[in-house]
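One structure below.
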Amino acid sequence: MNGNIATDFIMWFLFLAFFAYIMRELEIWRIIRDIERYISLYKSIRDKALVVTLNTFKEVAAKTKSRLDLKMLEERVMGLVESVLIEPVSMDPFGIVGKLKHIVLTGDRTATQEVKRLIPEASETDVENLKNLIAASRSLNIIYKSVDHVYRLGRKFKSIWLLYQLQALLPFVTEAMRALESSLEAFTNGFPVGDGAGPLLAARFIKKFGGNELKIEEIAEETIMAEVPFKNRKVLVIKAKGPSGVTGRLDDAFEEIVVKRKIPVKMVITVDAALKFEGEKTGTIAEGVGVAIGGLGIEKFNIEKTAAREKIPLYAVLIKMSEIDALSVMSREVCEAINVALKNVERIIEERSQENDIVVLIGVGNTIGISP
Amino acid sequence: MSEELRKRRFQAIVFHTFILVLSIIVVIILTLLNLRLGEDTGEAPNLMPFQIFILIIAFYSAMEVWRYYKIRIPEMSLVEVLKCNKCGYVEKRRPQKGDFVFKKVGECPKCGGVIFIESIYKEVKARKSER
Ligand SMILES: [Zn+2]
């Protein structure tokens with residue numbers, strides 16, 4: 001009888017130990033399964049992006065009736081997707097913005113040339129949209145590859161902590177992947193994206209107060225300026241030149257106005273889309289001071305530099321949205337928020353400038369699907 | 001995108017329901033077996049650990065089914081608002097490829113003024129609660 005209880009006890013103990021071990025293994029297995037599921041999702045999104053890009057190339061080629069060597073096309077597009085932008089060395093950061101700008105512009109020009117070489121008759125809008133598609137595919141490719149890299153290392157060295165870390169980051173990565181994925185729809189069709197909130201506001205301002213005899217000039221590459229009268233003031237509206245998907249050279253345009261033409265600007269308002277917090281509603285509007293331009297910070301730096309030298313006050317209006325909202329076709333909330341933001345901009349100009357002043361209004365963002 | 005998501009959701013629900021049903025059947029069979037053996041020999045083998053283990057699997061699958069069931073996949077539709085310059089006539093339609101905001105698309109059917117695209121946006125029919 002006693003022996004029976006002892007064996008029972010040992011059996012239970014063994015069972016519990018086994019159970020604990022199994023639970024741990026199950027946990028690892030679950031994490032690996034989870035990560036694998038995400039990675040296969042990322043891969044399918046990346047592949048879809050490549051297919052969409054290639055198909056759009058074919059469509060544009062068919063539209064312009066140019067002949068396309070499919071094999072070469074595939075090779076070239078893959079080459080563009082795998083191409084890298086090497087950032088300048090930052091050990092001695094003096095003058096790094098200028099170098100970075102030079103490299104970015106070179107990359108942009110090269111992409112244009114490559115696309116034009118493939119389809120020489122493509123229109124400007126088509127070229128820009130194709131470039132945007134390639135850029136989206138490139139980002140998707142890089143994200144997929146780096147996640148896959150960490151996952152493989154984690155498995156190879158059986159490092160549960162590496163896998164834990166990767167798993168913890170996946171929500172953010174997935175958000176970025178989804179955003180880029182949904183941008184494909186906008187870029188293939190040429191519809192405005194949420195990031196176009198700034199340019200759309202600028203375009204609405206031009207439309208609302210510009211009247212019929214409006215002067216619009218291309219003040220810098222891919223960038224336009226319109227002189228709009230508003231309540232006895234002169235508002236110089238700067239935005240990227242639509243409806244192709246470009247963000248323009250806003251810093252060059254500002255430099256041209258303030259430094260080369262020596263126009264006495266009294267204030268600058270930048271309007272841009274900004275990333276919202278998860279708890280905030282899409283289309284919330286925030287006001288502030290400073291320059292509201294995202295990205296690498298080149299244009300922000302240059303405008304800040306010029307404005308600080310000339311002592312021009314900088315105001316900003318931000319339209320908040322998620323990353324997905326920013327890159328996919330503009331949502332209704334953002335579209336409606338722009339009208340509210342426009343009212344804010346009008347109020348800021350009225351309250352913070354005097355009559356006969358000259359004000360610069362910059363609509364920041366990708367102007368795809370938004371004219372002029 | 002939502003098409004693909006819907007397919008994945010359906011597959012996941014089917015898979016986990018299958019596992020759930022299977023494990024419940026196994027538990028029932030084990031219980032019956034235990035009872036029958038107990039009747040026959042008077043001393044039943046202890047199948048408790050297996051039953052608990054399988055019940056945990058069943059519980060996990062049930063949670064997964066519920067989780068996937070709760071996911072609402074948003075339905076998007078693209079809307080294009082056309083507006084007349086003069087009289088304010090407004091019309092909504094689906095945007096076509098190559099359309100852009102402030103593109104002139106024709107004449108107003110009411111006053112003959114210029115109609116242009118006022119805005120292009122995406123409307124969500126059911127708000128998502130995605131993971
Ligand atoms: Zn009309």
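Scanning the range A:20-34 for residues that are touching a residue at least 12 places away in the same chain (Cβ under 8 Å) and either over 36 Å from the mean Cα position of the chain (by Cα) or under 11 Å from A:Ile160 (Cβ atoms) (or both) turns up A:Ile28, A:Ile31, A:Ile32. Taken over the range B:111-131, the criterion of being modelled with pLDDT under 85 and not β-branched (Val, Ile, Thr) is satisfied by B:Gly112, B:Gly113, B:Lys125, B:Ala126, B:Arg127, B:Lys128, B:Ser129, B:Glu130, B:Arg131. Say whether the condition of being away from chain B (no Cβ under 14 Å) and under 27 Å from A:Thr56 (Cα atoms) is met by at least one residue in the range A:177-196. No, every residue in the range A:177-196 fails to be away from chain B (no Cβ under 14 Å) and under 27 Å from A:Thr56 (Cα atoms). Within the range B:104-120, restricting attention to residues that are over 16 Å from A:Val193 (Cα atoms) and among the charged types (D, E, K, R), the residue that is nearest to the other protein chains (Cβ to nearest Cβ) is B:Lys104. For A:Ser322, the conditions (1) away from chain B (no Cβ under 14 Å); (2) over 20 Å from A:Lys208 (Cβ atoms); (3) in contact (Cβ under 8 Å) with a residue 40 or more places away in the chain all hold with the exception of (1). Restricting the range B:82-129 to residues that are touching a strand residue (DSSP E or B) at 6+ places or on another chain (Cβ under 9 Å) and of a type in the set (S, T, N, Q) leaves a set whose member that is farthest from A:Thr188 (Cα to Cα) is B:Asn85.
When you scan the range A:13-22, do you find a residue that is over 14 Å from A:Met177 (Cβ atoms) and away from every other protein chain (no Cβ under 14 Å), even just one? Within the range A:13-22, none of the residues are over 14 Å from A:Met177 (Cβ atoms) and away from every other protein chain (no Cβ under 14 Å).
Restricting A:Phe209, A:Phe172 to residues that are in contact with a strand residue (DSSP E or B) (Cβ under 9 Å, 6 or more places away or on another chain), among the aromatic types (Phe, Trp, Tyr) and surrounded by fewer than 17 Cβ atoms within 10 Å (Cβ to Cβ) narrows the list to A:Phe209. Checked against the criterion of being farther than 19 Å from A:Met267 by Cβ, under 25 Å from the mean Cα position of the chain (by Cα), acidic (Asp, Glu) and surrounded by 23 or more Cβ atoms within 10 Å (Cβ to Cβ), the range A:321-336 contains one or more residues that satisfy it.
May I ask you to verify whether A:Leu201 is away from chain B (no Cβ under 14 Å) and part of a helix (DSSP H, G or I)? Taking the combined requirement at face value, the residue does not satisfy it. Is there a residue in the range A:213-231 that is within 14 Å of chain B (Cβ to nearest Cβ) and more than 26 Å from the chain's Cα centre (by Cα)? Yes; the residues of the range A:213-231 include at least one that is within 14 Å of chain B (Cβ to nearest Cβ) and more than 26 Å from the chain's Cα centre (by Cα).
Checking the condition exposed (fewer than 15 other Cβ atoms within 10 Å of the Cβ) and under 30 Å from B:Ser119 (Cβ atoms), which residue from B:Arg6, B:Arg67 passes?
Exactly one of B:Arg6, B:Arg67 is exposed (fewer than 15 other Cβ atoms within 10 Å of the Cβ) and under 30 Å from B:Ser119 (Cβ atoms), namely B:Arg6.
When you look at B:Tyr60, is it within 12 Å of chain A (Cβ to nearest Cβ), aromatic (Phe, Trp, Tyr), farther than 29 Å from A:Gly194 by Cα and surrounded by 15 or more Cβ atoms within 10 Å (Cβ to Cβ), yes or no? Even if it seems obvious, please write down each step before you answer.
On the way: within 12 Å of chain A (Cβ to nearest Cβ): yes; aromatic (Phe, Trp, Tyr): yes; farther than 29 Å from A:Gly194 by Cα: yes; surrounded by 15 or more Cβ atoms within 10 Å (Cβ to Cβ): yes.
Yes, satisfied.
How many residues are away from chain A (no Cβ under 11 Å) and either at pLDDT below 85 or in a loop (DSSP other than H, G, I, E, B) (or both) when one looks only at the range B:75-93? Qualifying residue count, the range B:75-93: 5.
Among the residues of the range B:72-131, those identified as of a type in the set (Phe, Trp, Tyr) and either within 14 Å of the ligand (Cβ to nearest atom) or in contact (Cβ under 8 Å) with a residue 40 or more places away in the chain (or both) are B:Tyr89, B:Phe116, B:Tyr121.
The values are calculated or read from the model by the stated rules, or taken from the named source; none is laboratory data. Values in this document were obtained by computation on a predicted structure and should not be read as measured data. Neighbour counts are summed over all protein chains in view; Cβ atoms, including those assigned to glycine, are modelled from backbone coordinates with ideal geometry.
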